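Novice: Below you will find the structure I want to go over with you.
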Amino acid sequence: MSESAASLVDEAPQASEVLSAMTEIVERDLKPLTVQIDLEGLYPESVMRKLGAAGAFSQHLPAARPDGGQDMPATIKAMSLVSQECLSTGFAMWCQDTCAWYLQNATNPTVREQYCLRRFRSCPPRCLKSPHVSV
């Protein structure tokens, strides 16, 4: 693993840091858009990107965590926090989390390389060698 890839994993935020950052994003960025999201179908791309940058989509991915574990309760808390403000955005988070999980656990290494590495900040190069994947 390259040094930069290793630093992504080593510097992965802990659940409490992620939830704290998410609370700010929900209040500052999501709350003003909730009605527009629910009534007009606005996709909250900027909010989703900020949530991803805060680590919201990585707590359940062993390859994105320094300890190689998975914290499903933290992932559920993250989705719950967003869903309390906007259920539509909470569902979008679930979709993002699920997609990342399937990509990380793909048995085809090309799929992991082409999609997981390019699409998810929370899925660093270590996911190519994930112990949870049979290659």
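The values are calculated or read from the model by the stated rules, or taken from the named source; none is laboratory data. All of these numbers come straight from a predicted model, not from anything done at the bench. In this analysis, Cβ positions are derived from the backbone assuming ideal geometry, glycine residues included, and neighbour counts consider all displayed protein chains.
Novice: Whether any residue in segment 95-115 is modelled with pLDDT of 90 or more and within 16 Å of the chain's Cα centre (by Cα) is what I want to check.
Specialist: If we filter segment 95-115 for residues that are modelled with pLDDT of 90 or more, which is where we start, we get 95.
Applying the additional criterion that residues be within 16 Å of the chain's Cα centre (by Cα) yields 95.
There is at least one residue in segment 95-115 that is modelled with pLDDT of 90 or more and within 16 Å of the chain's Cα centre (by Cα).
Novice: In addition: Quick check: anything in segment 50-61 modelled with pLDDT under 95 and surrounded by fewer than 16 Cβ atoms within 10 Å (Cβ to Cβ)?
Specialist: Kept after step one, since they are modelled with pLDDT under 95, are these residues of segment 50-61: 50-61.
Now restrict to residues that are surrounded by fewer than 16 Cβ atoms within 10 Å (Cβ to Cβ): 53.
Yes, some residue in segment 50-61 is modelled with pLDDT under 95 and surrounded by fewer than 16 Cβ atoms within 10 Å (Cβ to Cβ).
Novice: Can you list residue pairs whose Cβ atoms sit under 9 Å apart, with the first residue in segment 35-64 being more than 13 Å from V82 (Cα to Cα) and the second being among the β-branched types (V, I, T) and part of a loop (DSSP other than H, G, I, E, B)? Count only pairs 6 or more apart in sequence or on different chains.
Specialist: Sorted first by the residue in segment 35-64, then by its partner, the pairs are A63/V133.
Novice: Check off (1) modelled with pLDDT of 90 or more; (2) closer than 16 Å to Q59 by Cβ; (3) of a type in the set (A, V, I, L, M); (4) buried (at least 19 other Cβ atoms within 10 Å of the Cβ) for I76 and give me the number that stays unchecked.
Specialist: (4)
Novice: Would you check which residues across segment 68-79 are more than 15 Å from T98 (Cα to Cα) and without any contact (Cβ under 8 Å) to a residue 60 or more places away in the chain and list them?
Specialist: Hit for segment 68-79 is G69, nothing else.
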